[in-house]
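Here is the structure we will look at.
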Amino acid sequence: MFSPIATALDSLADYFGTIATLPFTWTIAIELVVLVALLAFSAMMSGSESAYFSLLPADLKGLDNGSIRGARVLRLLDDSERLLATILVCNNVANVAIVILSSTITNGLLDFSQAPLAGFLFEVVIITFLLLLFGEIMPKITASNRPASFAQRMSHLLSLLVVLNRPLTNLLMRSVRRLNSNAPLANISLDELNDALDMTNAEDISDDKKILKGIVTFGNIEANEIMRPRVDVVAVDYDTTFSQLVQTALDSGYSRIPVYMESFDDIRGILYIKDLIPHIGSSDEFRWQELIREAYFVPENKKINDLLSEFQQKKMHLAIVVDEYGGNNGIITLEDILEEIVGDIADESDEEELLYTQIDERTYLFEAKIQINDFCKVMQCDDEVFDSVRGEAETLAGLVLEITGQLPAKGHRLSYAGFDFVVDAADNRRIERIKVTVNPSRDAK
């Protein structure tokens with residue numbers, strides 16, 4: 001049963017046996033030396049492309065140390081477009097020359113006239129393999145492991161090549177710019193940009209990535225998502241005595257306090273604590289109400305990027321958030337908005353407020369008033385996972401109320417989106433604390 005295979009192997013051996021060898025000459029020897037040099041040049045260009053364009057901010061900072069090589073690398077990167085054009089031109093010219101010269105050497109050593117298919121396979125498979133291995137893959141791996149060191153070693157050669165190739169690169173860059181000016185701009189959605197940031201895992205830019213993610217999502221956040229709810233707002237009654245007002249200002253530590261008449265829904269203005277300083281020591285007869293400044297009201301669905309612009313134009317730091325019925329829901333400050341980009345901003349008067357405690361690897365205890373978007377940041381999940389059930393809720397307590405449809409008692413349990421919620425503390429008016437456990441089924445998602 002092996003006879004067909006044996007016959008095929010004999011035929012294949014006879015076919016390759018028709019390949020004749022030719023004498024080795026000095027011309028072929030010189031061509032081989034040139035081929036090795038071209039392969040080395042191609043490797044240097046491939047490695048340079050990988051090294052120069054994978055340098056991290058920390059690498060660039062290390063190069064800026066006064067050394068000649070470091071300064072030369074930074075100078076090349078100042079015109080990165082020309083540098084890339086030079087590397088690509090040189091690399092492609094070298095690769096084309098390698099293919100042509102390899103074919104010439106092969107035809108000078110072996111006669112494939114009786115086996116043209118074997119000649120084609122040899123030139124395509126063997127030459128391509130050598131070119132990819134020694135001219136592309138190995139140098140790029142080596143350069144990517146130590147990009148700063150590789151870039152410095154190649155800086156002198158690349159500086160020379162940039163000068164020599166300037167006429168050709170000028171022509172190429174002008175052509176590319178002309179094509180780009182006529183081509184429509186690519187529309188990149190915020191979701192796509194956010195996904196791209198998630199794929200970035202370099203530790204050196206982790207802080208920058210958080211800021212960039214904050215900027216990307218900035219335009220989608222509404223005022224009611226980050227405001228301080230009215231039950232947590234420090235405010236004073238219009239009829240408060242001056243001594244009581246001073247004590248409230250001292251206890252709160254805030255620089256601005258809303259002033260209301262009878263209830264928080266009737267805000268009369270904002271009191272700036274700095275306006276009280278000249279009057280410290282005055283009696284209760286002092287009319288501090290004359291210092292009240294006009295309040296600024298914004299709807300609860302106001303986008304915070306628009307609100308930030310309005311704060312800048314009006315030179316304000318605080319606004320009252322109102323609902324669709326005209327009721328005052330809470331306040332939002334300039335600091336609240338900026339924290340969505342740069343993270344928590346703490347000053348010397350801030351007392352650390354722990355909105356959650358991690359009990360173990362999967363279990364957390366949350367204050368029920370924590371905002372849903374802050375809860376999702378802690379649990380490292382997308383806040384859109386609750387969009388179908390959250391309704392108008394902005395806090396974790398509101399989310400539980402929306403899901404249950406009633407005020408749950410202590411010990412009430414429910415599960416949603418891979419999270420197990422247990423009401424840890426509650427009274428007959430509101431939920432105070434919620435224990436959250438990550439369900440193992442969520443790990444499989």
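All of the numbers you see were taken from the coordinates with simple rules; none came from a lab. Computed from a predicted model, the values in this text were never measured in an experiment. We place every Cβ from the backbone using ideal geometry, glycine too, and count neighbours over all the protein chains shown.
Structure values in brief
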{"quantity": "Kirkwood hydrodynamic radius (C-alpha pairs) into Stokes-Einstein, the stretch 279-325, 10 °C and 1.306 mPa s, D in µm²/s", "calculated": "121 µm²/s"}
{"quantity": "Charge sum, other residues only, whose C-beta stays under 10 Å from S155's C-beta, Lys/Arg counted +1 and Asp/Glu -1", "calculated": "+4"}
{"quantity": "Residues with amide H under 5 Å from that of K302, placed H, sequence gap 5 or more", "calculated": "A223, N224"}
{"quantity": "Stretch gain in nm, segment K314-M138, where the contour uses 0.36 nm per residue and the Cα spacing is subtracted", "calculated": "57.4 nm"}
{"quantity": "Gyration tensor (alpha-carbon) shape descriptor, the stretch 368-439, a/c threshold 1.5", "calculated": "prolate"}
{"quantity": "Chain lengthening between F297 and L160 when straightened (0.36 nm per residue, less Cα-Cα)", "calculated": "43.0 nm"}
{"quantity": "Estimated D of the stretch 363-404 in µm² per second, where Rh is the Kirkwood radius over Cα pairs and Stokes-Einstein applies at 37 °C, 0.692 mPa s", "calculated": "320 µm²/s"}
{"quantity": "Cut-off 11 Å between beta-carbons: net charge of the residues surrounding G47, Lys and Arg +1, Asp and Glu -1", "calculated": "+1"}
{"quantity": "Per-residue Cβ neighbour rank within 10 angstrom, fewest leading, Y260, Y416", "calculated": "Y416, Y260"}
{"quantity": "Low-density loop positions, GluC sites (Glu not before Pro), the stretch 215-321 - DSSP coil, at most 12 other Cβ in 10 Å", "calculated": "E262, E285, E294"}
{"quantity": "K377-D360 pseudo-label distance in nm [points 7 Å out on the Cα-to-Cβ vector]", "calculated": "2.8 nm"}
{"quantity": "Positive-end extreme of charge dipole, the stretch 264-368 - chosen from Q313, Y272, F297 (charges on Cβ)", "calculated": "Q313"}
{"quantity": "Length gained when the stretch S441-K61 is fully extended (0.36 nm per residue, less Cα-Cα span)", "calculated": "132.4 nm"}
{"quantity": "Sorted by Cβ density within 10 Å, fewest first, the residues I100, I277", "calculated": "I277, I100"}
{"quantity": "Surrounding net charge for D266, when Lys and Arg each add one and Asp and Glu each subtract one, Cβ distance under 14 Å", "calculated": "-2"}
{"quantity": "Note, ³J(HN,Hα) from phi for the stretch 272-280, Karplus 6.51, -1.76, 1.60, rounded to Hz, x at Gly and Pro", "calculated": "8, 4, 4, 6, 7, 3, x, 10, 4"}
{"quantity": "Cα Rg, Dmax (largest Cα-Cα span) when computed across the stretch 265-387, Å", "calculated": "18.6, 58"}
{"quantity": "Likely footprinting exposure, D78, D383, fewest C-beta neighbours within 10 Å first", "calculated": "D78, D383"}
